[in-house]
1. Show me 221-228, 103-110, 23-30, 114-121 ranked by packing, highest mean number of other Cβ atoms within 10 Å first.
2. Just from its helices, what would the mean residue ellipticity at 222 nm be for the chain, if runs of 4 or more DSSP H residues each count -39500 (n - 2.57) and the sum is divided by every residue, rounded to the nearest 500 deg cm²/dmol?
3. What is the pair-distance distribution P(r) of the chain, computed from all Cα-Cα distances in 10 Å bins starting at 0, with each bin given as a whole percent?
4. Between LEU253, LEU11, LEU90, which gets the highest mean-square fluctuation from a Gaussian network model of the chain, Cα cutoff 10 Å?
5. If r is the Cβ-Cβ distance from ASN89 to TYR18 and R0 is 35 Å, what FRET efficiency results, to the nearest 0.05?
6. If you stretched the chain out fully between ALA100 and HIS235, how much longer would it get, using 0.36 nm times the residue separation minus the C-alpha to C-alpha distance?
7. Once the dipole of region 148-218 is set up with Lys and Arg at +1 and Asp and Glu at -1 on Cβ about the Cα centre, which of LEU184, VAL156, PHE216 lies farthest towards its positive end?
8. Only helices at least 30 Å long along their own axis, judged from Cα atoms, and with Kyte-Doolittle mean hydropathy of -0.5 or greater: name those in the chain from DSSP H.
Amino acid sequence: MRTSTASRLTLRTVAMGYLVVLVVLPLLLILFRTFENGIADFFASITTPAAISALQLSLLIVAIVVPVNVVFGVMTALALVRGRFPGRNLVQAVVDLPFAVSPVVVGVSLIMLWGAGGWLGAVENTGVRVIFGFPGLVLATIFVTLPFVVREVEPVLHEIGDEQEQAAVTLGATRCQMLWRITLPAIRWGLTYGVVLTVARSLGEFGAVIMVSSNFPGVSQTLTLLVHSRYIDDHNTYGAYCAATLLMGVAVLVLVLMTLLDRKRSTR
């Protein structure tokens with residue numbers, strides 16, 4: 001079906017107008033509010049102890065969540081693609097559960113599980129505070145980022161098949177050698193793309209972490225919680241804009257990296 005030039009221009013104009021109103025204008029407004037007082041005030045706002053601590057905590061969560069999701073994501077994808085076992089469809093549904101469940105529900109469920117009086121709440125008797133502490137932030141972030149590595153690696157495994165792995169086993173390769181020399185190089189682009197998505201979601205997660213965080217600066221306040229705290233609690237609108245710009249800058253870097261990797265993967 002061919003469309004006229006006028007129809008194509010109309011569709012493009014509507015699409016661009018939609019993106020401008022919902023995405024571009026809010027971002028431009030944030031940037032304008034951030035830098036209207038100059039760059040010096042911006043750097044002064046993002047270099048406060050609370051802002052530096054929030055950024056460090058967010059990056060630390062990413063540094064923990066990404067390796068965990070890589071290991072268990074690859075293992076889960078291999079089990080779903082290569083294995084045939086009872087309950088496989090149930091595992092598929094569980095992997096997609098974070099896409100369907102509200103992050104707030106995730107936070108509430110973690111409180112019911114790890115909080116005082118919860119099924120695993122006795123762990124606090126050992127001195128480890130999960131809810132309203134750092135471990136709770138990590139658990140909440142792992143839950144909401146669980147599907148990304150699995151869903152990026154799984155189709156790649158379907159595409160490459162298992163012929164090379166079978167040949168490696170025939171030649172005497174161990175499972176570790178087969179995984180390191182055959183499987184991982186074959187899925188590296190899908191794995192990298194899943195890691196980038198995991199990083200982006202970990203940095204921007206709010207709904208789940210706010211439920212399990214005390215929101216104390218330097219203790220369990222991430223960069224997204226800092227934006228919320230400055231805007232709602234402290235009524236520091238300018239500080240919230242600056243923190244949001246910092247978060248947006250990190251997100252843009254991740255987006256650029258994701259685009260470059262996607263192009264490189266396409267050329268390969």
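What follows draws every value from the coordinates through simple rules; no lab data is involved. This one's a predicted model, so the numbers in the text were calculated from it and none came from an experiment. Heads up, the Cβs are rebuilt from the backbone with ideal geometry, glycines too, and the neighbour counts pull from every protein chain shown.
1. Packing proxy ranking, top to bottom: 221-228, 103-110, 114-121, 23-30.
2. -23500 deg cm²/dmol
3. Spelled out bin by bin, the chain gives 6, 22, 27, 24, 15, 5, 1, 0 percent.
4. Result: LEU11 has the largest fluctuation of those listed.
5. 0.40
6. 45.3 nm
7. The one lying farthest along the dipole's positive direction is PHE216.
8. Once both thresholds are applied, what remains is 49-82, 134-160, 237-267.
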